[in-house]
Amino acid sequence: MSWRVLVSDEVDQVLLSTLEDSGMHVDYRPDIERQDLVSSVGGYNVLVVRSRTRVDREVIDAGRALKVIARAGIGLDTIDTEYARSKGIKVVFAPGSSTRSVTELTFAAFLSISRSFCTLSTMAREGGKFLKKTGREVSGGKTLGIIGFGRIGQDIASVASAFGMEVLAYDVVRNEEAAERLGVSLVALEDLLRGGSDYISINVTVSPGQPPLIGKKEFSAMGRRPVISNTSRAAAVDGNALLEALKSGVVSVYYTDVMWNEPPREKFEMDLLRMENFVVTPHIGAQTEEAKRRVAMETASNIVKAWRGGEI
Ligand SMILES: NC(=O)c1ccc[n+]([C@@H]2O[C@H](COP(=O)([O-])OP(=O)(O)OC[C@H]3O[C@@H](n4cnc5c(N)ncnc54)[C@H](O)[C@@H]3O)[C@@H](O)[C@H]2O)c1
């Protein structure tokens, strides 16, 4: 039997063509509204989503013929995976496909923040002011603390060592093999913060409802007024505590690719957006041609394997 696939978010064309070429019927509806999704998902065997579509119990219950829910990306926090699996639906995703793109974005942030790249460029273009502000190098003698030493955390460590940075990492799982291979010291979270990280990169996974990993206590332990990058999930950090840390200067600059709400709506988010030392990009970690293509190919291949009854 040919499977019917509903793609409810924007994806690379190669995902659609691979599924069609393997004989599936694909409906591409990247702008579908929630109510429309709930009323039509019952006619499909596969639902392909990115972060916009929330796949909760209502959607899963409505998807009576669903065999696979595919996240064309990494985070599964928008899908009630436990409930889906309890109903016999496979949940597949594309881990690793955007790792290098996120690593590059992290270093783009560290390098540009350290040289006030955006501010000085805007002043030169718009105000005609050629301000020769002194910056700093990320190289030699600087310490990078990585919180979450998984795929992205390890890739960031490999690039950091090319810059000659000392790298500390904290993770709930101690990956001694990766640490040794990459020349990284595994430490406790408190030591990473207090021991003096000049740069901190947050790369943890976050489950729905999980309390923030970095709050008031953790900010107050930070020794060197670090530049922090968070390309994982905003909820890893307590937004109100961050606001205080940026006001007091405990954190020199906080860069994030992820907001608590996208688009932001809460008061603390609006307050953060007004802070000069708060830098944000609109969730572009995986938005490169290369990552989108790898995500599309990996997702399509997982769906085809599930269709043919193979292991994923
Ligand atoms: N900005 C983007 O567009 C973008 C793109 C890709 C991935 N991401 C996000 O980046 C994060 C990391 O992705 P990854 O592929 O490296 O995932 P991964 O699963 O390979 O690594 C995550 C690591 O975090 C660790 N971890 C989880 N909870 C922790 C905690 N409380 N304390 C310490 N360590 C903890 C895990 O043990 C794991 O080693 C995910 O949240 C993912 O959703 C964002």
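Hey, could you get me the Stokes-Einstein D for segment 7-70, Kirkwood radius over alpha-carbon pairs, 37 °C and 0.692 mPa s, rounded to whole µm² s⁻¹? List each step's numbers first, then the result.
Values: Rh = 11.9 Å.
The diffusion coefficient I find is 275 µm²/s.
Ser39 contributes about 90 Å² of solvent-accessible surface, heavy atoms of the protein only, 1.4 Å probe. When shorter helices are ignored and each DSSP H run of at least 4 residues is given -39500 (n - 2.57), the per-residue value for the chain at 222 nm works out to -10500 deg cm²/dmol.
Could you give the length gained by full extension between Asp21 and Lys133, i.e. 0.36 nm per residue of separation minus their alpha carbon distance, to one decimal place? Additional length available on full extension: 34.8 nm. Restricting attention to segment 99-280, close to 0% of DSSP beta bridges with both partner residues there are antiparallel.
Of the residues Arg34, Arg151, Arg125, the one that moves most in a GNM of the chain with alpha-carbon contacts below 10 Å is Arg125.
What translational diffusion coefficient, in µm²/s and rounded to a whole number, does the Stokes-Einstein relation yield for the chain at 25 °C and a viscosity of 0.890 mPa s, taking the hydrodynamic radius as the Kirkwood radius over Cα pairs? Walk me through the numbers before you get to the answer.
Numbers: Rh = 21.1 Å.
Taking Rh from Cα pairs, D becomes 117 µm²/s.
Using C-alpha pairs below 8 Å separated by at least 6 residues, the relative contact order for segment 168-312 is 17 percent.
Just subtract the alpha-carbon distance of Asn261 and Asp61 from 0.36 nm times their residue separation and send over the number in nm, one decimal.
Fully extending the segment from Asn261 to Asp61 adds 69.4 nm.
Please say if segment 99-280 is rounded, prolate or oblate, where rounded means a/c under 1.5 for a ≥ b ≥ c the square roots of the C-alpha gyration tensor eigenvalues, and otherwise the choice is prolate for a/b larger than b/c and oblate otherwise? Judged from the Cα gyration tensor, segment 99-280 comes out oblate (a/c at least 1.5, b/c at or above a/b).
Spacing of the modelled spin labels on Ser39 and Thr205, each 7 Å from Cα toward Cβ, amounts to 3.6 nm. Using the Karplus relation 6.51 cos²θ - 1.76 cosθ + 1.60 with θ = phi - 60°, the per-residue 3J(HN,Hα) values for segment 18-25 come to 5, 5, 5, 5, 8, x, 8, 8 Hz, with x marking Gly and Pro. With all protein chains kept in place, the per residue accessible area of segment 99-280 amounts to 51 square angstrom at a probe of 1.4 angstrom. Computed with a 1.4 Å probe on the full set of protein chains, the accessible area for Arg4 sits at about 90 Å².
Counting only protein heavy atoms and a 1.4 Å probe, tell me what percentage of the chain's accessible area is made up of carbon and sulfur. It would help to have the intermediate numbers written out before the result.
Details: 7910 of 15600 Å².
Reported share for carbon and sulfur atoms: 51 percent.
Approximating the spin labels as points 7 Å out from Cα along Cα→Cβ, the Arg52-to-Glu82 distance works out to 2.9 nm. Taking amide H positions as modeled 1.01 Å from N, with prolines and chain starts lacking one, the residues under 5 Å from Val48 and 5 or more places away or on another chain are Leu6, Val7, Ser8, Ala70.
Computed over the chain, relative contact order equals 16 percent, with contacts defined as Cα pairs under 8 Å that lie 6+ residues apart.
The values are calculated or read from the model by the stated rules, or taken from the named source; none is laboratory data. Owing to the predicted nature of the structure, the values given are computational and were not obtained by experimental measurement. Here Cβ is always computed from backbone atoms with ideal geometry, including for glycine, and neighbour counts include all displayed protein chains. The area values use the complete protein model at the heavy-atom level, side chains included, leaving out ligands, DNA and RNA. Shrake-Rupley method; radii C 1.70, N 1.55, O 1.52, S 1.80 Å.
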